[in-house]
1. Identify all residues within the range 131-150 that are assigned to a helix (DSSP H, G or I) and free of Cβ contacts under 8 Å to residues at least 40 places away in the same chain; write none if there are none.
2. Determine the pairs where a residue that is free of Cβ contacts under 8 Å to residues at least 60 places away in the same chain, located within the range 378-394, has a partner that is outside any loop (DSSP other than H, G, I, E, B) with Cβ atoms under 6 Å apart, the partner being 6 or more residues away or on another chain.
3. Are any of the residues in the range 117-125 touching a Pro at 6+ places or on another chain (Cβ under 6 Å), open to solvent by less than 10 Å² (accessible area, probe 1.4 Å), within 24 Å of Val228 (Cα to Cα) and not hydroxyl-bearing (Ser, Thr, Tyr)?
4. When you scan the range 87-99, do you find a residue that is open to solvent by less than 20 Å² (accessible area, probe 1.4 Å) and among the aromatic types (Phe, Trp, Tyr), even just one?
5. Within the range 70-82, track down each residue that is closer than 15 Å to Asn279 by Cα and either among the β-branched types (Val, Ile, Thr) or open to solvent by 40 Å² or more (accessible area, probe 1.4 Å) (or both).
6. Return the pairs, sorted by first residue and then second, in which the second residue is of a type in the set (Val, Ile, Thr) and open to solvent by less than 30 Å² (accessible area, probe 1.4 Å), the first residue lies in the range 168-185 and is under 17 Å from Pro143 (Cα atoms), the beta carbons are less than 6 Å apart, and the residues are 6+ apart or on different chains.
7. List pairs: first residue in the range 434-452 and farther than 20 Å from Leu366 by Cα and in contact (Cβ under 8 Å) with a residue 40 or more places away in the chain, second residue acidic (Asp, Glu) and open to solvent by 30 Å² or more (accessible area, probe 1.4 Å) anywhere in the structure, Cβ distance under 7 angstrom, at least six positions apart or on different chains.
8. Only residues that are open to solvent by less than 30 Å² (accessible area, probe 1.4 Å) and touching a Pro at 6+ places or on another chain (Cβ under 8 Å): list them for the range 361-404, please.
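The values are calculated or read from the model by the stated rules, or taken from the named source; none is laboratory data. Since the model is a prediction, treat every value here as computed from it, not as a measurement. Cβ atoms come from the backbone with ideal geometry, glycine included; neighbour counts cover every protein chain shown. Quick note on the areas: whole protein, heavy atoms, side chains included, nothing else; ligands and nucleic acids left out. Shrake-Rupley method; radii C 1.70, N 1.55, O 1.52, S 1.80 Å.
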Amino acid sequence: MPTRRTLLAAGLSTTMLAACAVTPTTALRPPIVFLHGNGDSAALWQTTIWRFESNGWPRERLFAFDQPMPLARDNDAIAQPGRSSTAESMAFLEAEVDRVLEATRADKVILIGSSRGGNTIRNYVQNGGGDRVVSHVVLGGNPAHGIFAIPGFNEGSEFSALSPFLKQLNAPKGPNGDEVTPGVHWLTLRSDNNDKYAQPEGTWIGAPGKPTNVRHDGPALKGATNLVLPRADHRETAFSPAAFDAMWRFLTGTAPRTLQPAAESVIALSGRVTGMGLNALAPASGNFANNLPIAGARVSVFAVERDTGARRGAAAWDRAVGSDGRWGPFIAEAGTGYEFVVSAPGYATTHIYRSPFPRSSSVVNLRPERVAAADRDAKALVIFTRPRGYFDAQRDTMRFDGLSTLPGVPPRGAGVASSKLKLPADAQRSVAGEFNGERVTGLSWPLAQGHVSVLELTY
(Lines give C-alpha, C1' and ligand atoms only; values in the text may rest on other atoms or scores of the structure.)
Protein backbone atom coordinates (compact mmCIF):
# COMPACT_ATOMS: atom_id res chain seq x y z
CA MET A 1 0.00 0.00 0.00
CA PRO A 2 1.62 3.31 -1.01
CA THR A 3 2.26 5.82 1.75
CA ARG A 4 4.10 9.08 1.96
CA ARG A 5 6.46 7.88 4.65
CA THR A 6 6.74 4.90 6.96
CA LEU A 7 9.11 5.15 9.93
CA LEU A 8 9.98 2.90 12.85
CA ALA A 9 9.07 4.59 16.14
CA ALA A 10 12.31 3.37 17.68
CA GLY A 11 14.19 5.64 15.28
CA LEU A 12 11.91 8.66 15.26
CA SER A 13 13.63 11.86 14.31
CA THR A 14 12.30 15.12 15.68
CA THR A 15 13.50 16.87 12.56
CA MET A 16 11.69 14.46 10.27
CA LEU A 17 8.46 14.73 12.23
CA ALA A 18 8.62 18.49 12.45
CA ALA A 19 8.99 18.63 8.70
CA CYS A 20 5.76 16.67 8.29
CA ALA A 21 3.60 18.91 10.47
CA VAL A 22 3.18 22.59 11.04
CA THR A 23 3.79 23.00 14.77
CA PRO A 24 1.01 24.81 16.67
CA THR A 25 2.56 28.15 17.58
CA THR A 26 -0.11 29.82 19.72
CA ALA A 27 1.02 30.79 23.20
CA LEU A 28 -1.83 28.70 24.60
CA ARG A 29 -1.88 25.15 23.28
CA PRO A 30 -4.82 24.36 20.98
CA PRO A 31 -7.56 22.20 22.46
CA ILE A 32 -7.30 18.46 21.84
CA VAL A 33 -10.39 16.28 21.47
CA PHE A 34 -9.85 12.54 22.06
CA LEU A 35 -12.26 10.05 20.49
CA HIS A 36 -12.43 6.44 21.66
CA GLY A 37 -13.03 3.32 19.61
CA ASN A 38 -15.70 0.68 19.08
CA GLY A 39 -17.39 -0.27 22.35
CA ASP A 40 -14.95 1.83 24.39
CA SER A 41 -15.22 4.97 26.52
CA ALA A 42 -13.35 8.18 27.28
CA ALA A 43 -11.69 6.41 30.24
CA LEU A 44 -9.15 4.77 27.93
CA TRP A 45 -7.52 8.17 27.34
CA GLN A 46 -6.69 8.60 31.04
CA THR A 47 -2.95 7.87 30.81
CA THR A 48 -2.60 9.76 27.52
CA ILE A 49 -4.19 12.84 29.10
CA TRP A 50 -1.85 12.49 32.08
CA ARG A 51 1.16 12.43 29.76
CA PHE A 52 0.01 15.53 27.88
CA GLU A 53 -0.55 17.34 31.20
CA SER A 54 2.82 16.21 32.54
CA ASN A 55 4.53 17.76 29.52
CA GLY A 56 2.80 21.11 29.91
CA TRP A 57 -0.40 20.86 27.85
CA PRO A 58 -3.06 22.65 29.94
CA ARG A 59 -5.62 20.33 31.51
CA GLU A 60 -8.43 22.67 30.51
CA ARG A 61 -7.47 22.18 26.83
CA LEU A 62 -7.83 18.37 26.88
CA PHE A 63 -11.25 16.84 26.22
CA ALA A 64 -12.40 13.20 26.07
CA PHE A 65 -16.05 12.33 25.48
CA ASP A 66 -18.21 9.20 25.71
CA GLN A 67 -20.22 8.34 22.63
CA PRO A 68 -23.57 7.14 24.08
CA MET A 69 -23.79 4.02 21.90
CA PRO A 70 -20.17 3.27 21.01
CA LEU A 71 -20.67 0.05 19.02
CA ALA A 72 -20.91 0.21 15.23
CA ARG A 73 -23.85 -1.23 13.36
CA ASP A 74 -23.36 -4.62 11.70
CA ASN A 75 -24.51 -2.95 8.48
CA ASP A 76 -24.03 0.79 8.46
CA ALA A 77 -27.10 1.36 6.29
CA ILE A 78 -29.51 -0.59 8.51
CA ALA A 79 -30.74 0.77 11.85
CA GLN A 80 -29.78 -1.49 14.74
CA PRO A 81 -30.88 -0.97 18.35
CA GLY A 82 -27.99 -0.08 20.61
CA ARG A 83 -25.60 0.58 17.72
CA SER A 84 -24.51 3.81 16.06
CA SER A 85 -24.05 4.55 12.37
CA THR A 86 -21.14 6.41 10.83
CA ALA A 87 -23.46 9.41 10.33
CA GLU A 88 -24.52 9.37 13.99
CA SER A 89 -20.90 9.12 15.13
CA MET A 90 -19.94 12.03 12.93
CA ALA A 91 -22.82 14.14 14.27
CA PHE A 92 -21.74 13.35 17.83
CA LEU A 93 -18.15 14.44 17.14
CA GLU A 94 -19.25 17.59 15.31
CA ALA A 95 -21.41 18.66 18.27
CA GLU A 96 -18.61 18.05 20.77
CA VAL A 97 -16.05 19.95 18.67
CA ASP A 98 -18.47 22.88 18.39
CA ARG A 99 -18.84 22.92 22.18
CA VAL A 100 -15.07 22.81 22.68
CA LEU A 101 -14.50 25.67 20.24
CA GLU A 102 -17.15 27.76 21.97
CA ALA A 103 -15.81 27.01 25.45
CA THR A 104 -12.15 27.66 24.61
CA ARG A 105 -12.66 30.42 21.99
CA ALA A 106 -10.09 28.61 19.87
CA ASP A 107 -10.11 28.72 16.07
CA LYS A 108 -8.89 25.16 15.59
CA VAL A 109 -8.79 21.87 17.42
CA ILE A 110 -6.57 18.80 17.27
CA LEU A 111 -8.33 15.45 16.96
CA ILE A 112 -6.82 12.20 18.27
CA GLY A 113 -8.70 8.97 17.68
CA SER A 114 -8.39 5.29 18.50
CA SER A 115 -9.60 2.54 16.17
CA ARG A 116 -13.21 3.26 15.10
CA GLY A 117 -12.77 6.80 16.41
CA GLY A 118 -10.45 7.32 13.46
CA ASN A 119 -13.24 6.43 11.04
CA THR A 120 -15.42 9.07 12.68
CA ILE A 121 -12.68 11.68 12.58
CA ARG A 122 -11.91 11.05 8.91
CA ASN A 123 -15.60 11.23 8.05
CA TYR A 124 -16.02 14.49 9.96
CA VAL A 125 -12.97 16.13 8.40
CA GLN A 126 -13.83 14.97 4.88
CA ASN A 127 -17.62 15.18 4.86
CA GLY A 128 -18.77 17.16 7.92
CA GLY A 129 -16.88 20.43 7.55
CA GLY A 130 -14.16 19.48 10.00
CA ASP A 131 -11.45 20.56 7.58
CA ARG A 132 -12.34 24.18 8.46
CA VAL A 133 -11.73 23.78 12.20
CA VAL A 134 -9.21 20.93 12.54
CA SER A 135 -5.48 21.58 12.27
CA HIS A 136 -3.99 18.16 13.10
CA VAL A 137 -5.25 14.58 13.28
CA VAL A 138 -3.61 11.58 14.94
CA LEU A 139 -5.08 8.13 14.28
CA GLY A 140 -4.02 5.14 16.41
CA GLY A 141 -4.84 1.71 15.01
CA ASN A 142 -7.54 3.09 12.72
CA PRO A 143 -8.81 0.34 10.39
CA ALA A 144 -8.47 2.80 7.51
CA HIS A 145 -8.54 0.05 4.87
CA GLY A 146 -10.91 -2.20 6.75
CA ILE A 147 -10.59 -5.17 9.03
CA PHE A 148 -11.59 -7.39 6.14
CA ALA A 149 -12.12 -7.07 2.40
CA ILE A 150 -13.96 -10.29 1.53
CA PRO A 151 -16.48 -10.16 -1.35
CA GLY A 152 -19.91 -11.10 -0.08
CA PHE A 153 -18.87 -11.02 3.58
CA ASN A 154 -20.64 -8.23 5.48
CA GLU A 155 -19.76 -5.61 2.87
CA GLY A 156 -22.13 -3.12 4.50
CA SER A 157 -20.05 -2.91 7.68
CA GLU A 158 -17.99 0.24 8.18
CA PHE A 159 -15.11 -2.13 8.88
CA SER A 160 -15.25 -3.71 5.42
CA ALA A 161 -12.83 -2.24 2.91
CA LEU A 162 -15.53 -2.92 0.30
CA SER A 163 -18.16 -0.81 2.08
CA PRO A 164 -19.45 2.38 0.47
CA PHE A 165 -18.28 4.20 3.60
CA LEU A 166 -14.61 3.24 3.35
CA LYS A 167 -14.54 3.42 -0.43
CA GLN A 168 -15.54 7.08 -0.36
CA LEU A 169 -13.19 7.88 2.52
CA ASN A 170 -10.25 6.30 0.68
CA ALA A 171 -11.02 7.75 -2.74
CA PRO A 172 -8.01 9.67 -4.15
CA LYS A 173 -7.91 13.38 -3.33
CA GLY A 174 -5.84 16.00 -5.12
CA PRO A 175 -3.15 15.62 -7.77
CA ASN A 176 -1.12 13.10 -5.73
CA GLY A 177 -4.03 10.78 -5.12
CA ASP A 178 -3.83 11.21 -1.33
CA GLU A 179 -6.32 9.39 0.89
CA VAL A 180 -6.41 12.16 3.49
CA THR A 181 -8.28 15.45 3.29
CA PRO A 182 -5.91 18.27 2.28
CA GLY A 183 -5.31 21.26 4.55
CA VAL A 184 -5.07 19.12 7.70
CA HIS A 185 -1.87 17.52 9.02
CA TRP A 186 -2.23 13.76 9.47
CA LEU A 187 -0.34 11.16 11.51
CA THR A 188 -1.18 7.45 11.60
CA LEU A 189 0.23 5.04 14.17
CA ARG A 190 0.18 1.31 13.55
CA SER A 191 1.75 -1.93 14.70
CA ASP A 192 4.26 -3.81 12.59
CA ASN A 193 2.25 -7.06 12.73
CA ASN A 194 0.58 -7.31 16.17
CA ASP A 195 -2.69 -5.42 15.60
CA LYS A 196 -5.58 -7.91 15.78
CA TYR A 197 -7.56 -5.78 13.32
CA ALA A 198 -4.84 -5.57 10.67
CA GLN A 199 -4.24 -9.25 10.02
CA PRO A 200 -4.10 -11.08 6.66
CA GLU A 201 -5.69 -14.13 8.31
CA GLY A 202 -9.15 -14.21 9.84
CA THR A 203 -8.70 -15.57 13.38
CA TRP A 204 -9.82 -12.34 15.03
CA ILE A 205 -12.91 -11.97 12.83
CA GLY A 206 -14.06 -15.49 13.69
CA ALA A 207 -12.81 -17.07 10.46
CA PRO A 208 -9.55 -18.90 11.26
CA GLY A 209 -7.48 -19.67 8.18
CA LYS A 210 -9.58 -17.46 5.91
CA PRO A 211 -7.74 -14.65 4.09
CA THR A 212 -9.03 -11.22 5.10
CA ASN A 213 -7.39 -9.51 2.09
CA VAL A 214 -6.14 -6.87 4.58
CA ARG A 215 -2.47 -6.23 5.25
CA HIS A 216 -0.56 -5.27 8.38
CA ASP A 217 -0.13 -1.75 6.97
CA GLY A 218 -3.89 -1.28 6.60
CA PRO A 219 -4.01 1.66 9.07
CA ALA A 220 -1.53 3.69 6.99
CA LEU A 221 -2.89 6.39 4.68
CA LYS A 222 -1.37 7.89 1.56
CA GLY A 223 -0.64 11.55 2.23
CA ALA A 224 -0.18 11.10 5.99
CA THR A 225 2.93 10.67 8.10
CA ASN A 226 2.76 6.94 8.83
CA LEU A 227 4.67 5.52 11.80
CA VAL A 228 5.20 1.94 12.96
CA LEU A 229 5.25 1.05 16.67
CA PRO A 230 7.02 -2.32 16.85
CA ARG A 231 5.06 -5.10 18.61
CA ALA A 232 2.34 -2.68 19.71
CA ASP A 233 -1.08 -4.25 19.97
CA HIS A 234 -4.25 -2.65 18.62
CA ARG A 235 -4.96 -0.45 21.65
CA GLU A 236 -1.33 0.36 22.34
CA THR A 237 -1.14 2.16 19.00
CA ALA A 238 -3.18 4.89 20.72
CA PHE A 239 -2.63 4.53 24.47
CA SER A 240 1.00 3.43 25.01
CA PRO A 241 4.00 5.59 25.97
CA ALA A 242 5.40 5.05 22.46
CA ALA A 243 2.16 6.32 20.93
CA PHE A 244 2.25 9.42 23.12
CA ASP A 245 5.88 10.04 22.20
CA ALA A 246 4.96 10.02 18.52
CA MET A 247 1.92 12.26 19.07
CA TRP A 248 3.91 14.84 21.03
CA ARG A 249 6.72 15.02 18.50
CA PHE A 250 4.25 15.34 15.63
CA LEU A 251 2.29 18.12 17.32
CA THR A 252 5.19 20.11 18.77
CA GLY A 253 8.31 19.19 16.79
CA THR A 254 10.13 18.43 20.04
CA ALA A 255 10.71 15.40 22.24
CA PRO A 256 8.50 15.12 25.35
CA ARG A 257 10.17 15.80 28.70
CA THR A 258 8.71 12.62 30.15
CA LEU A 259 6.71 9.59 29.07
CA GLN A 260 5.50 8.93 32.62
CA PRO A 261 2.71 10.81 34.38
CA ALA A 262 4.16 13.33 36.84
CA ALA A 263 2.88 13.03 40.40
CA GLU A 264 0.45 15.66 41.75
CA SER A 265 0.13 16.71 45.37
CA VAL A 266 -3.69 16.88 45.23
CA ILE A 267 -5.41 14.04 43.37
CA ALA A 268 -9.10 14.54 42.56
CA LEU A 269 -10.90 11.61 40.96
CA SER A 270 -14.30 11.57 39.27
CA GLY A 271 -16.04 9.95 36.33
CA ARG A 272 -19.22 8.27 35.17
CA VAL A 273 -21.05 5.06 36.02
CA THR A 274 -22.26 3.42 32.81
CA GLY A 275 -23.96 0.16 31.97
CA MET A 276 -25.08 -2.29 29.35
CA GLY A 277 -27.92 -2.83 26.90
CA LEU A 278 -30.55 -0.51 25.50
CA ASN A 279 -31.69 0.33 29.02
CA ALA A 280 -28.90 0.34 31.58
CA LEU A 281 -31.24 -0.88 34.34
CA ALA A 282 -32.98 -3.63 32.33
CA PRO A 283 -30.91 -6.83 31.97
CA ALA A 284 -33.30 -8.12 29.30
CA SER A 285 -32.33 -5.20 27.04
CA GLY A 286 -28.91 -6.70 26.29
CA ASN A 287 -25.41 -7.15 27.66
CA PHE A 288 -23.47 -5.08 25.13
CA ALA A 289 -21.51 -2.09 26.42
CA ASN A 290 -23.01 1.37 26.28
CA ASN A 291 -21.99 4.74 27.70
CA LEU A 292 -25.41 5.53 29.14
CA PRO A 293 -25.53 6.61 32.79
CA ILE A 294 -26.88 4.29 35.47
CA ALA A 295 -28.93 6.78 37.45
CA GLY A 296 -29.08 5.91 41.13
CA ALA A 297 -26.10 3.53 41.10
CA ARG A 298 -24.09 3.66 44.30
CA VAL A 299 -20.32 4.14 44.44
CA SER A 300 -18.25 3.48 47.54
CA VAL A 301 -14.49 4.02 47.64
CA PHE A 302 -12.17 2.29 50.10
CA ALA A 303 -8.44 2.71 50.63
CA VAL A 304 -6.83 -0.74 50.61
CA GLU A 305 -3.57 -2.39 51.56
CA ARG A 306 -1.63 -2.72 48.31
CA ASP A 307 -0.22 -6.17 49.17
CA THR A 308 -3.51 -7.77 50.22
CA GLY A 309 -6.45 -5.69 48.99
CA ALA A 310 -7.80 -5.52 52.55
CA ARG A 311 -9.68 -2.35 53.44
CA ARG A 312 -7.90 0.18 55.64
CA GLY A 313 -11.08 1.42 57.25
CA ALA A 314 -14.54 2.74 56.45
CA ALA A 315 -15.48 4.07 53.04
CA ALA A 316 -13.59 7.23 52.14
CA TRP A 317 -16.39 8.21 49.75
CA ASP A 318 -19.93 6.79 49.50
CA ARG A 319 -22.76 8.23 47.47
CA ALA A 320 -25.52 7.48 44.96
CA VAL A 321 -25.01 9.05 41.54
CA GLY A 322 -27.50 11.34 39.87
CA SER A 323 -29.26 11.14 36.54
CA ASP A 324 -26.07 11.99 34.64
CA GLY A 325 -24.25 9.01 36.19
CA ARG A 326 -21.39 11.15 37.43
CA TRP A 327 -19.61 10.30 40.66
CA GLY A 328 -16.99 12.27 42.61
CA PRO A 329 -14.94 14.27 43.07
CA PHE A 330 -13.04 12.16 45.55
CA ILE A 331 -9.67 13.33 46.89
CA ALA A 332 -7.29 10.37 46.81
CA GLU A 333 -4.08 9.82 48.74
CA ALA A 334 -0.85 9.57 46.78
CA GLY A 335 0.58 6.06 46.76
CA THR A 336 -2.65 4.45 47.94
CA GLY A 337 -4.51 1.70 46.11
CA TYR A 338 -8.31 1.85 46.03
CA GLU A 339 -11.33 -0.39 45.82
CA PHE A 340 -14.31 1.12 43.97
CA VAL A 341 -17.57 -0.68 44.78
CA VAL A 342 -20.40 -0.17 42.29
CA SER A 343 -23.89 -1.45 42.99
CA ALA A 344 -26.97 -1.07 40.80
CA PRO A 345 -30.15 -3.07 40.10
CA GLY A 346 -29.58 -5.74 37.46
CA TYR A 347 -25.80 -5.96 38.04
CA ALA A 348 -23.45 -7.80 40.33
CA THR A 349 -22.00 -5.70 43.12
CA THR A 350 -18.67 -5.04 41.47
CA HIS A 351 -15.46 -4.47 43.44
CA ILE A 352 -12.94 -2.71 41.17
CA TYR A 353 -9.37 -2.62 42.49
CA ARG A 354 -6.94 -0.05 41.07
CA SER A 355 -3.26 0.68 41.68
CA PRO A 356 -2.43 4.17 43.04
CA PHE A 357 -3.36 7.19 40.93
CA PRO A 358 -0.45 9.59 40.28
CA ARG A 359 -2.67 12.43 39.06
CA SER A 360 -6.21 13.74 39.03
CA SER A 361 -8.64 12.39 36.47
CA SER A 362 -12.24 13.14 35.50
CA VAL A 363 -12.56 9.98 33.38
CA VAL A 364 -12.39 7.30 36.09
CA ASN A 365 -15.39 5.61 34.53
CA LEU A 366 -16.92 2.62 36.31
CA ARG A 367 -19.07 -0.13 34.80
CA PRO A 368 -20.55 -2.89 37.00
CA GLU A 369 -20.48 -6.47 35.73
CA ARG A 370 -23.23 -8.88 34.80
CA VAL A 371 -22.38 -12.51 35.42
CA ALA A 372 -22.52 -14.76 32.36
CA ALA A 373 -24.42 -18.03 32.64
CA ALA A 374 -21.19 -19.98 32.04
CA ASP A 375 -19.61 -18.39 35.14
CA ARG A 376 -22.41 -18.96 37.63
CA ASP A 377 -20.99 -22.27 38.82
CA ALA A 378 -18.02 -20.44 40.40
CA LYS A 379 -17.90 -19.81 44.13
CA ALA A 380 -16.07 -16.53 43.45
CA LEU A 381 -15.27 -14.75 40.19
CA VAL A 382 -12.24 -12.52 39.69
CA ILE A 383 -11.59 -10.64 36.43
CA PHE A 384 -8.13 -9.33 35.52
CA THR A 385 -8.40 -6.65 32.85
CA ARG A 386 -6.17 -4.31 30.86
CA PRO A 387 -8.35 -1.63 29.22
CA ARG A 388 -5.53 0.21 27.38
CA GLY A 389 -3.95 -2.82 25.77
CA TYR A 390 -4.08 -6.57 25.37
CA PHE A 391 -2.35 -9.53 26.99
CA ASP A 392 0.38 -11.02 24.78
CA ALA A 393 1.73 -14.32 26.10
CA GLN A 394 4.80 -14.13 23.85
CA ARG A 395 5.67 -10.52 24.69
CA ASP A 396 4.54 -9.71 28.24
CA THR A 397 5.51 -10.76 31.75
CA MET A 398 2.28 -11.48 33.60
CA ARG A 399 0.75 -13.55 36.38
CA PHE A 400 -2.77 -13.97 37.68
CA ASP A 401 -3.17 -15.50 41.13
CA GLY A 402 0.24 -17.10 40.64
CA LEU A 403 -0.60 -18.47 37.17
CA SER A 404 1.79 -17.52 34.37
CA THR A 405 -0.72 -18.79 31.79
CA LEU A 406 -3.76 -16.57 32.08
CA PRO A 407 -7.17 -18.25 31.58
CA GLY A 408 -8.62 -17.34 28.19
CA VAL A 409 -5.45 -15.70 26.86
CA PRO A 410 -4.14 -17.47 23.73
CA PRO A 411 -0.49 -18.57 23.51
CA ARG A 412 0.02 -16.44 20.40
CA GLY A 413 -1.29 -13.03 19.38
CA ALA A 414 -2.50 -9.96 21.26
CA GLY A 415 -6.27 -9.85 21.13
CA VAL A 416 -7.65 -10.52 24.61
CA ALA A 417 -7.80 -7.80 27.27
CA SER A 418 -9.44 -9.70 30.15
CA SER A 419 -8.92 -12.99 31.97
CA LYS A 420 -11.45 -14.63 34.29
CA LEU A 421 -10.62 -16.81 37.26
CA LYS A 422 -13.38 -19.00 38.66
CA LEU A 423 -12.50 -19.86 42.25
CA PRO A 424 -13.76 -23.16 43.72
CA ALA A 425 -14.24 -21.73 47.22
CA ASP A 426 -16.09 -18.67 48.48
CA ALA A 427 -13.79 -18.03 51.45
CA GLN A 428 -12.45 -14.51 50.99
CA ARG A 429 -8.77 -14.26 50.07
CA SER A 430 -6.29 -12.03 48.28
CA VAL A 431 -5.85 -12.37 44.52
CA ALA A 432 -3.12 -10.52 42.61
CA GLY A 433 -2.69 -9.63 38.95
CA GLU A 434 0.71 -8.61 37.60
CA PHE A 435 1.57 -7.19 34.19
CA ASN A 436 4.97 -5.87 33.12
CA GLY A 437 5.72 -4.43 36.56
CA GLU A 438 2.26 -3.17 37.51
CA ARG A 439 0.58 -5.15 40.28
CA VAL A 440 -3.04 -4.92 41.44
CA THR A 441 -4.25 -6.93 44.43
CA GLY A 442 -7.84 -7.34 45.54
CA LEU A 443 -10.08 -9.61 47.56
CA SER A 444 -12.39 -12.31 46.25
CA TRP A 445 -16.08 -11.98 47.13
CA PRO A 446 -18.79 -14.70 47.17
CA LEU A 447 -20.59 -14.95 43.85
CA ALA A 448 -23.64 -16.51 45.51
CA GLN A 449 -24.19 -13.19 47.27
CA GLY A 450 -24.00 -11.32 43.96
CA HIS A 451 -20.42 -10.03 44.13
CA VAL A 452 -17.65 -9.92 41.49
CA SER A 453 -14.05 -8.69 41.78
CA VAL A 454 -12.18 -6.82 39.04
CA LEU A 455 -8.43 -6.17 39.06
CA GLU A 456 -8.03 -3.27 36.62
CA LEU A 457 -4.62 -2.30 35.27
CA THR A 458 -3.89 1.36 34.63
CA TYR A 459 -1.03 0.98 32.13
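1. Scanning the range 131-150 gives a single hit, Arg132.
2. Within 6 Å, the pairs are Phe391/Val416.
3. Taking every residue of the range 117-125 in turn, none turns out to be touching a Pro at 6+ places or on another chain (Cβ under 6 Å), open to solvent by less than 10 Å² (accessible area, probe 1.4 Å), within 24 Å of Val228 (Cα to Cα) and not hydroxyl-bearing (Ser, Thr, Tyr).
4. No.
5. Across the range 70-82, the qualifying residues are Gln80, Pro81.
6. As it stands, the answer is Thr181/Val125, since those pairs meet every condition given.
7. Taking only residues 6 or more apart or on different chains, the pairs are Pro446/Asp426; Ala448/Asp426.
8. Ala378, Ala380, Phe400, listed by residue number.
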